[in-house]
Amino acid sequence: MIEADASLMLDHHGEALPELTKASSTIRMDRLLKVPQPKWDRAIPGSPMWTRLAFRLLRLVARGQFRSLTSEGLEGLDMERGAMCCAWHVNGLMDPLAIMLTHPSHFVIGGRHDLVTRPILRFWTTRLAVQPVVRKAELLRGGFDEDEAAHLNGRTLLNLSRGISHGHGSALFPEGTAHNEAYLLRLRTGPMRTVLAAAAIAHVEGRPLPHLVPVGLHFRVRHHFRTDAHVEYGTPIPVELDNLPEDLLAAVKRNDWSEPPAEAVLALRDALTPRLRRLTPDVVDHDEHRALHVMAHVKARRQGTPLATWGEEVAAARHEREALRTGDDRPLEEIAPEPLQSPALEAAKSVSRRLESNGLDGRDLDAEGRGVRRGHPLSAAIAFVKVLAFLPLLPVFIVSMGLQSTLGLVKGNSSDEGIDARTTYQFVFALFASMVVWPIVAAGSGAALVWGAGLTFGLHPVLAALLLFVLLHPLFALSGLGFASAWDGWVVLRGGLRRARLRRREGAALQQELEALHAVLDR
């Protein structure tokens, strides 16, 4: 086991390398070399049984994690072709999860090397045939021997390429690290190299060439439980036969990894960068991003067409950004965009800051966009019923979900991996820890009800205990979904209290700021 040097280092662009976490700086080469290889010639690259079970559980937990998870753009993809999906990386494991749960194909998965060595994750990632990737940060900081890294990455990229060439999907995040910025970081070349190799394999074996798919990942507040998520599949970038040299074709025939030509790799990267930028906020900071959303809400209300979904809000905010950035020809090597300049945007910033400081956003404006809305009695009543309906399930939730929920909250808030890892830990503990906790609790509760309380349903005690063991698992899942519903109810009630407090304390100031915004928009 090798401990990587944590000192500050720069890459060849002169930018600071991502700071390694404790998990990512701990190298277990013996385990990495034993990772099972995917079976790319079948519908499910990993273990079919475990993959199906994992995705059923993932969808169940995702129903609790996200208030909404929507997607658009899949109709523009050719499902006969393999797809290398590329997105920005701002929300830990939630990023690949959102893509895999909305894309219809089973994925060949590549990820940071520690995903296949961590104690809880390792059981599942190896059964899903996740392939480990060594990032430039681990290599340059000394965590890997260069030859070891080249061997491991070459094997991983070849496996991903073969899977994509057989029509599977895959998702890589070319920024190379999760981050907190409101714009796209400089792209690394791993996904481009992989899809070029996949195209070479597909051509040699007579299958359709894969394509590179830019994906927009939009989370309303990424680190919040029950946030909204929207996945946007952009127009695919085709891979042309002209980009495939003879030595690459010869290498894939031998089942070897060969680096695609640099000019082809960079051409794909340069084609991806502007398309992927468009699918991100691409503004100087999150303050500017929130202001665009507020401006979109106000304009929609002025037109009598309020934004009903998170996807509509994302599209409307992008429209405002692009209207303010006409003729954007920012060079590809420029990372951070210039601040947007607009009197309307400056007015919207004042509104968004006041809303943000009170835990509110553009959805909380009234129908005219001139103040905060008042809560509807029916909505409050429904929210209250959701909270009350959960109370009978509260003891079940405490027994079945209390431990893992507490561990996920504590670990997420104390992790050295940043704010983007919070929901990752909540999700991982809710998913994986439940697989350990639920059978134990179900067995203990069933035994107590049968031999302690005499509840046998007229069956032999052992059969009654087995029946309860089976029936308690859906009840545990119901308690988790009931908690999510109660949380939604609480959020509605809390929002009403926050709006009432804002009206009482800062209502006049907010109205002045909104009137200033309307005055600018009227010009």
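Each reported figure results from applying straightforward, stated rules to the coordinates on display, with no laboratory input. Keep in mind that this is a model prediction, so the values were computed, not measured. All Cβ positions, even for glycine, are placed from backbone atoms using ideal geometry, and neighbour counts span all protein chains on display.
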Rounded to the nearest 20 debye, dipole of the stretch 448-523 from Cβ charges on Lys, Arg, Asp, Glu: 320
Label of the coordinate-derived value, Cα Rg over 2.2 N^0.38 Å, listed as (i) 1.07; (ii) 1.22; (iii) 0.95: (i)
Ordering of 447-455, 315-323 by packing [mean C-beta count within 10 Å, highest first]: 315-323, 447-455
Prolate/oblate/rounded label for the stretch 305-383 (Cα gyration tensor, a/c 1.5): prolate
Rounded Å value of the spacing that divides the Cα centres of the stretch 40-90 and the stretch 157-210: 16
Charge dipole of the chain about the Cα centre (unit charges at C-beta), most positive-ward option of 173, 286, 53: 53
Selected from 344, 497, 132, residue furthest toward positive end of dipole (the chain; charges at beta carbon): 497
Rounded to the nearest 20 debye, dipole of the chain from Cβ charges on Lys, Arg, Asp, Glu: 2420
Shape category assigned to the stretch 374-523 from the gyration tensor of Cα positions, a/c cut at 1.5: prolate
Peptide ranges 437-445, 124-132 listed from the most packed, as the mean C-beta count within 10 angstrom indicates: 124-132, 437-445
Span-rule helices in the chain, defined as complete DSSP H runs reaching 18 Å or more along the axis (Cα) with Kyte mean at least 0.0: 48-65, 190-204, 377-390, 394-414, 434-447, 461-522
Per-peptide average of other Cβ atoms within 10 Å, ordering 249-256, 103-110, 375-382 highest first: 103-110, 249-256, 375-382
Relative contact order [Cα under 8 Å, 6+ residues apart], the chain, whole percent: 16
